[in-house]
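Notes to accompany the following structure.
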Amino acid sequence: MSDTHAKQTRSAPLIERYASGGPILMYAVSGLTHEQGLAHPGPGDWSVAQLVAHLLDADLVYADRMKRVIAEDDPPLQAFDENAWAARLGYEETSVEEAVSQLAANRRRIAAILRRCSDADFARSGRHSEAGKVTLAGLLATVTNHVDHHLRFLYAKRANLGVALPPRYASEALGTAVEG
């Protein structure tokens, strides 16, 4: 790792899993046509474009929450309504490639910040408007697992479109991308 300020913490494997989410999502949408990105093959109601737009927005919200917990004392962390965002923020018109690129860039930036954090930083917390007290470690675990959760839907949608590919997920145990 070229970052000379990186610290080795108990959260290091989770940070690497988090960082791998962008490249894994790039792989998962690779080769899809614009029409396939807009199709609604199931499972679930969202198209691939809507799913990827949701992942990007959720990632940006979690990035903001993590930065606040690192930098501020007990910051308020506002919940958001994912279905309202999907309905009102143009998720259907989202460019799959652009959204995945933005998610990957965001994760590179936030991973660099997280690598500089100490174990004490990962114990810092904020107050979520619905969940109450949440720690930096908890936020990181939730957002890291969020992509894997939605990848299961994405791979199933690909299969239903007739363009399946071998699934890849971030491995919780190893901290590296593995085929599933």
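Worth pointing out:
- A simple rule links phi to the HN-Hα coupling: the Karplus curve 6.51 cos²θ - 1.76 cosθ + 1.60 with θ = phi - 60°, which for region 48-63 gives 4, 4, 5, 4, 5, 4, 4, 4, 4, 4, 4, 4, 5, 4, 5, 4 Hz, with x for Gly and Pro.
- Computed from backbone phi with θ = phi - 60° and the Karplus coefficients 6.51, -1.76 and 1.60, the 3J(HN,Hα) list for region 126-141 is x, 10, 6, 5, 10, 8, x, 5, 9, 8, 4, 4, x, 4, 4, 4 Hz; x is used for glycine and proline.
- A simple rule links phi to the HN-Hα coupling: the Karplus curve 6.51 cos²θ - 1.76 cosθ + 1.60 with θ = phi - 60°, which for region 75-84 gives x, x, 10, 7, 6, 9, 9, 4, 6, 5 Hz, with x for Gly and Pro.
- Pairwise label distance in nanometres, residue 97 with residue 163, each label 7 Å out on the Cα-Cβ vector: 1.2 nm
- The chain - convex hull of alpha carbons, volume per residue in Å³: 113 Å³
- Summed residue charge, Cβ within 11 Å of residue 62's Cβ, Lys/Arg positive, Asp/Glu negative: +1
- Selected from 76, 23, 166 as most flexible by GNM, with the chain as the system and alpha-carbon contacts under 10 Å: 166
- Value at 222 nm in deg cm²/dmol, rounded to 500, when DSSP H runs of n ≥ 4 in the chain each add -39,500 (n - 2.57): -19000 deg cm²/dmol
- Angle between the chain longest axis and helix 12-29 axis [Cα atoms, degrees, rounded to 10]: 20 degrees
- Shape class of region 14-108 from the Cα gyration tensor (axes a ≥ b ≥ c, square roots of the eigenvalues): oblate, since a/c reaches 1.5 or more and a/b does not exceed b/c.
Read the figures in this text as sums done on the coordinates, not as results from a lab. The structure presented is a predicted model; accordingly, all values stated were derived computationally and were not measured. In this analysis, Cβ positions are derived from the backbone assuming ideal geometry, glycine residues included, and neighbour counts consider all displayed protein chains.
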